[in-house]
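Below: the structure, in structure tokens.
What follows draws every value from the coordinates through simple rules; no lab data is involved. This one's a predicted model, so the numbers in the text were calculated from it and none came from an experiment. Glycine gets a Cβ as well: all are built from the backbone with ideal geometry, and neighbour counts include every protein chain shown.
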Amino acid sequence: MKKTVLFGALTVAGLAAGMASAATLDDVKARGSLNCGVTTGLVGFASPDANGVWDGFDVGVCRAVAAAIFGDPTAVEFVPTTGKTRFTALASGEIDMLARNTTWTFSRDVDLKFEFTGVNYYDGQGFLVPKDLGVSSAKDLDGATVCIQTGTTTELNLADFFRSNNISYDPVPIETNAEGQQQYLAGACDVYTTDASGLASTRAAFENPGDHVLLPEIISKEPLGPLVRHGDNDWGDVVRWTLNALITAEELGVTSANVSDLSAAPTDNPEVNRLLGTEGELGAMLGLEADWAKNAIAAGGNYGELFEKNIGENTPIGLARGLNAQWTEGGLIYSPPFR
Amino acid sequence: MSDMHAHSAAYVRTETLPELPPPASEAGVVKWMRENLFSSIPNSILTLVSIYVIYQVVTFVFPWIANGIWNTASLAECRTVLDGATGACFSVLSDRWNQLLFGFSYPPEHYWRPGLAFILLFVAAAPVMFFDLPRKLLIFTGIYPFLAFWLIWGGTIFTPLFALVGLIVGYIVYARFVKQSFAMGFFGGVVAALITWFIGGYITDAIAPAEPFLEAVQSRDMGGFMLNMILGVVCVSLSLPIGIVLALGRQSDMPIIKWICVVFIEFIRGVPLITLLFVANVVLAYFLPPGTSFDLILRVIIMITMFSAAYIAEVIRGGLAALPKGQYEAADSLGLDYAQAMRLIILPQALKISIPGIVNVAVGLFKDTTLVSVISMFDLVGMIRGPILSSTDWNGVYWELFMAASVLFFVVCYGISQYSQWLERRLATDHR
């Protein structure tokens, strides 16, 4: 008898869980805010400022999604996650989406049952070495001590790279980027390896950035993007097309400065009209207001603006667009059409 | 006689010689140095080496601190101002002190609330720590947890109020029935308290004003040193009574109680704290139905309390084992029952012996609270490692931040250890 009750309760709980995850958008709307998982802090991508307001490139994606749903970019609860807690936080429903420079890999998509909704930054793993080391290629690093963040794909890539080149290394495990920076500067390791974007921002914070070089080898593909749980395609669409809206906006020249003018009345360009909701029913198909994309763009600007403001060449991090330029300019950033 | 002396000796000094100073090598600084620093060749070498090291450290550290910059807006500005000279960039402390102390999302206009709770903590702890104070102050100690909760978390005052009322009702019922049987009193008290809380919950929902006097602050907005203090104080004060119960339970003659205590203690001691924290943060989230938010701080408090209670239980068991058997027999021969014997004879002595061990656990526990930074809570260390070091302004400032953190922790831990030494002296009824 007791067992039956217990199993019954479990079934109900399971059903409730299934139902809850089947309509994330409704849950978010009912809650009145989006729970967005971010890093505990990564320069340029996500960190709170002196007033405790989150800012950064990944944070921009969260704010755009919140703006698309509520018309209010501040309707976000940021849930900081570490490399170890991020996936359980998403799987357990503690957060609705994760925008935490997470690499899109086969096993994360398929085995961990997540849905990557696009790529907002194409990264790759690089090596940072002191100039004094006199190394010009990563293949000269035989026997080097390498600072490496545990629990990330970089760890596995590193092992693959050294094994395929038949050279050895000595890993120094670290927990966070800040720790890696410190260990590297203190000379605990000869080489610091992580995503090239992270290395660039790390080097920018050094007292003498010129004394350190990034080696030319990029040993991995690291497409970073926001992700959601498997099984709720409607919600996945909201996140995917919000990101696409930002990318398309840059392609079409819609910026945070001119978005309100362009959306006031239909323009000559039908795709701009469809994007901004002055023509067609795209917003309603997503279950959002007609001006969802306008709000998303107005929140922090289009993709290019977010990039320039947070990690672009005029910031201390100083990343060039490179692979992350629009496809029309030789990059990989490409959005399917809005029609 | 004096004449005879005067004539029998050729010369007699009539006045005493003035006292000469002792030889230079046998007095003052020189003597001290000869004896303590240069008493042999190896010692002299060691002294010289030490002086050199101290010189190096001081000449490096002193300008670093003295040249410290306190008022720039970013590390890059610090470096411009210093212009290559050695100097610390303390500006990060003046810029982000509030985040270090309170976390980055506690509303700044309410900083006075945790501040006041912190000051009142001393008032509440005083009668427990210093026995000479009037016993009536203990009433405030009893109210303090609810008051502090209300101050720090805010929200409606009825929540902590009904929690307090529930406890009081439970205690009254317990006191009424315990004369008949302990079990009846205990379970009656628990049931009465639960009923009061249940009813109180409804009443709170009904009458709580929409705009409470103190604005509510979410648990996830707690951070900084405040979070370390909350975790440390709550867990130490909860784990002490639980630890005593566990220690007594482990010595019990009743097999079920004994084995429950043994299994609990051995299991918890055999698992690293960080594992328990991961369980609290990650694994529990899978088992709870989605949407239920079982407060993360509460989960962490439960785990840390269990952890330290197991250690304290073992420390106290050491104290119990150190008491001569005669003490137990003396208590029995006076006709005291178990509770009286423990309360009046055994525990006062056992706890006194255990003080250094308990303080050791408490200090260790307080420092262990920084481990919560691994499960993405922003305690003092989490604040430093996460938000502050990852801001574009302060990326790369390490020494200044971690020095500040060590100073804060040192002050608290040294305070605890000084208190425990005072307590040992105060309680020295001496077996010597």
Reduced to Cα centres, the span from the range B:116-195 to the range B:313-359 in Å works out to 26
quick note, the protein assembly as shown, DSSP beta bridge pairs, % antiparallel (nearest 5) is 50
Here the convex hull volume per residue of the range B:84-144, taken over Cα atoms and given in Å³, is 122
Counting sequence-distant residues (5 or more places) and residues on other chains, those with an amide H built under 5 Å from that of residue A:169 are A:143
The FRET efficiency for residue B:399 and residue B:80, from their Cβ-Cβ distance with R0 = 25 Å and rounded to 0.05, is 0.85
Listing B:144, A:334 by rising number of other beta-carbon atoms within 10 angstrom, fewest first, gives A:334, B:144
Here the percent of antiparallel bridges among DSSP beta bridges lying wholly in chain A, to the nearest 5, is 55
Cys in the protein assembly as shown lacking any partner Cβ under 4.7 Å -> B:235, B:261, B:413
Taking only the alpha carbons of the protein assembly as shown, the radius of gyration and the largest Cα-Cα distance, Dmax, both in angstrom, are 33.5, 141
Scalar couplings 3J(HN,Hα) for the range A:309-321 by Karplus 6.51 cos²θ - 1.76 cosθ + 1.60 (θ = phi - 60°), nearest whole Hz, x for Gly and Pro, are 6, 9, 10, x, 5, 8, 8, x, 6, x, 8, 7, 5
One quarter of the C-alpha convex hull surface, i.e. the mean projected area of the range A:111-151 in nm², amounts to 5.2
So for the range B:223-432, using the alpha carbon gyration tensor with a ≥ b ≥ c as root eigenvalues (a/c under 1.5 gives rounded; past that, a/b versus b/c decides prolate or oblate), I'd call it oblate
Summed over the other residues with a beta carbon less than 15 angstrom from that of residue A:33, with K and R at +1 and D and E at -1, the charge totals -3
Within the under-11-Å Cβ sphere about residue A:103, not counting residue A:103, Lys/Arg +1 and Asp/Glu -1 give a net charge of -1
Which residues qualify? For residue A:34, with a placed amide H closer than 5 Å and at least 5 residues away or on another chain, they are A:76, A:77
By the Kirkwood definition, with r running over pairs of different Cα atoms, chain A has a hydrodynamic radius in Å of 21.3
In terms of the alpha carbon gyration tensor, root eigenvalues a ≥ b ≥ c, rounded if a/c is under 1.5 and otherwise prolate when a/b exceeds b/c or oblate, chain B is oblate
Final fewest-first order of B:106, B:111 on the 10 Å Cβ neighbour count is B:111, B:106
By the DSSP-based rule, helices of chain B that are at least 27 Å long along the axis (C-alpha) and have a mean Kyte score of at least -0.5 are B:41-66, B:158-177, B:182-207, B:224-250, B:296-322, B:347-368, B:399-426
